[in-house]
Amino acid sequence: MMKRLLLYFAITLAVITTASAQGQYLVLTQGDGTVSKFLLADQPVITFSESNLVVTCGSETLTTPMAGLKTSYEDATTAVEHPTFNERPTISFGEASFEGLKAGSNISVYALDGRVLATTKADEEGRASIQLSGLGQGVVILRTPTRSYKITLKR
């Protein structure tokens, strides 16, 4: 059983490494018919726990029994050939800046108690910046449409 798991793991890693540059999904079909998809460009991490396969991708984790599990790959279809969305901020001089966002995307800064401290929207070229200076000090949450960042503000 262990040799089979190691071989399965090695083959999966080899295919993921090859396919990740091609914009594909790892598709897992569980024994009960449930289908889960993971974009390979997001670099899903595959591990094993007892007789389960564990896939972690960003903040999502799937734990599924190996029995009856089928894997396949599917091309990621998109109207944009090479999307350029990059929601990671550049933070300098009291400002968080973004490039490559979807036009009109909302960016917000929240206090830990849920209060909205600042908001802005991405322009037509997908750029946005939001002032962090003047928000005081302490931990805040910088939220984009798909990700949240915990930031400690200092004076």
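The values are calculated or read from the model by the stated rules, or taken from the named source; none is laboratory data. Just so it is clear, the structure is predicted and the values come from calculations on it, not from any experiment. FYI the Cβ positions are ideal-geometry reconstructions off the backbone, even for glycines, and counts take in every protein chain you see.
Brief remarks on what is shown
- If the condition is being assigned to a loop (DSSP other than H, G, I, E, B) and either closer than 24 Å to Gln137 by Cβ or among the basic types (Lys, Arg) (or both), then the stretch 92-125 contributes Phe93, Gly94, Lys102, Leu112, Asp113, Gly114, Arg115.
- Within the stretch 32-47, residues that are over 16 Å from Glu74 (Cβ atoms) reach partners that are modelled with pLDDT of 80 or more with beta carbons closer than 6 Å, at six or more positions or on different chains, in the pairs Val45/Thr56; Ile46/Val55; Thr47/Val54.
- No other residue among Thr17, Thr12, Thr29, Thr77 is modelled with pLDDT of 75 or more, over 20 Å from Thr144 (Cβ atoms) and β-branched (Val, Ile, Thr) apart from Thr29.
- The stretch 135-155 residues that are under 17 Å from Thr90 (Cβ atoms), paired with ones that are outside any strand (DSSP E or B) (beta carbon under 7 Å, 6 or more apart): Thr144/Ser105; Leu153/Leu132; Leu153/Leu135; Leu153/Gly136; Leu153/Gln137
- Subset of the stretch 39-66 (residues that are within 25 Å of Arg147 (Cα to Cα), surrounded by fewer than 15 Cβ atoms within 10 Å (Cβ to Cβ) and not small (Gly, Ala, Ser)): Asp42, Gln43, Val45, Thr47, Val54, Glu60, Thr61, Thr63
- The stretch 41-65, residues that are assigned to a strand (DSSP E or B) and closer than 21 Å to Gln24 by Cβ: Val45, Ile46, Thr47, Leu53, Val54, Val55, Thr56, Cys57, Glu60, Thr61, Leu62, Thr64
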